[in-house]
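Colleague: Quick one: the structure is below, and I'll ask about it shortly.
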Amino acid sequence: MPELAEVEYFRKQWSVGEGERVLRVVGHFQARIFRGITEHELVDALTGAKMTGSESRGKQMIFRFAGANVGIHLGMTGKLSVEKPDFSPGKHDHLVLYQKKQALVFSDSRLFGRVLLHTGKGEAPWWAKQAPDVLSEEFTKKAVESFLERRKGAPIKAVLLMQERFPGIGNWMADEILWQARIHPATRSGELTKEEADAIWKMTRHVTREALATVGKDWSDPPADWLFHHRWGRKGNCPRCGVELERGEVGGRTTSWCGKCQKP
DNA sequence: TCTCGTGTTTCTTG
DNA sequence: TCAAGAAACACGAG
């Protein structure tokens, strides 16, 4: 379920490898997730290299090694795990970095994920062009307002999923933001009032902060009164007013909302 | 057997 | 050139 908070959680799993060298690199290098890079490039860049640090921004992660940076995007079904040093990879374990004390494993059954590599001088281009974090100072009310104006014809649900302005927001977080802001997901972005646009800004940050403090920290549940706990099944009830939740496709994605709290 | 999907990229249409 | 929507990608879960 890799949205921003889950991505941060997975990054922390692999970060136990910081300070240690990679002894061996094993993978299914023909898999789609490696498009654009070759087995030779990756094995060459990482074998013997020490992991020096890692960061996540939105849904993108970077793992820094001496002489190389590896980017990982988890797609829909990707996950990172830490296994014993004698781990033998299964069908969907597409990349394994063996270290002395553990094996760092990237698995992805649907192969929508992506591995990126940058060697040489300067910051990796795919990292440098990441949009500013929603908790950063650059993510201002004004930036949100002008983005909503530019995307005025699209439903707000679809706009919240646009990584160029809302990096890390995924399907459940978008639904949560709209429910907390009491805005109907199908509302055209250009029809939101200034107050509603500000509520989008505020709740984007609030939901992100809380998700990082729970899911992102230790995979614990988000606050008990969130929509999150009710939106998954066919039938759920609004945790605020008790009305049965609506469910449908908005902006091409499955969406859950409260027909009473979130008026069109 | 059949439908669905926590994401992005590319194609098509306007 | 831009914006919006749909299709494509691949495969396990229910």
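Colleague: Every residue in the range A:106-144 that is within 16 Å of DNA strand C (Cβ to nearest atom) and crowded, with 17+ Cβ neighbours inside 10 Å, please.
Modeller: Scanning the range A:106-144 gives A:Phe106, A:Ser107, A:Asp108, A:Leu111, A:Gly113, A:Arg114, A:Val115, A:Ala131, A:Val144.
Colleague: With (1) more than 10 Å from DNA strand B (Cβ to nearest atom); (2) not in a strand (DSSP E or B) as the list, and A:Pro167 as the residue in question, which single condition is left unmet?
Modeller: Going through the list (1) more than 10 Å from DNA strand B (Cβ to nearest atom); (2) not in a strand (DSSP E or B), A:Pro167 breaks only (1).
Colleague: Right, here's the next one. In the range A:11-33, how many residues are touching a Ser or Thr at 6+ places or on another chain (Cβ under 7 Å) and part of a helix (DSSP H, G or I)?
Modeller: So the count comes out to 4.
Colleague: Which residues, taken from the range A:19-41, are farther than 17 Å from A:Ser107 by Cβ and either β-branched (Val, Ile, Thr) or surrounded by 15 or more Cβ atoms within 10 Å (Cβ to Cβ) (or both)? Break it down into steps so the answer makes sense when it comes.
Modeller: Step one: filter the range A:19-41 for residues farther than 17 Å from A:Ser107 by Cβ, giving A:19-24, A:35-41.
A:Glu20, A:Arg21, A:Val22, A:Ile37, A:Thr38, A:Glu41, listed by residue number.
Colleague: A follow-up question, please. Among the numbered criteria (1) touching a helix residue (DSSP H, G or I) at 6+ places or on another chain (Cβ under 9 Å); (2) outside any strand (DSSP E or B); (3) within 16 Å of DNA strand B (Cβ to nearest atom); (4) not hydroxyl-bearing (Ser, Thr, Tyr), which one does A:Lys101 miss?
Modeller: Every condition holds for A:Lys101 apart from (3).
Colleague: Take the residues in the range A:36-79 that are among the small types (Gly, Ala, Ser) and within 16 Å of DNA strand C (Cβ to nearest atom); name whichever of them is nearest to A:Pro132 (Cα to Cα).
Modeller: Keep residues of the range A:36-79 that are among the small types (Gly, Ala, Ser), which gives A:36, A:45, A:48-49, A:53-54, A:56, A:58, A:66-68, A:71, A:75, A:78.
Filter once more, so that each one left must be within 16 Å of DNA strand C (Cβ to nearest atom): A:36, A:75, A:78.
Values: A:Gly36: 25, A:Gly75: 20, A:Gly78: 23 Å.
Result: A:Gly75.
Rule-based calculations on the coordinates, nothing more; no lab input. Only a predicted model underlies this, so the values are computations on that prediction, with no experimental measurement involved. Positions of Cβ are generated from backbone atoms using ideal geometry, with glycine treated the same way; all protein chains shown enter the neighbour counts.
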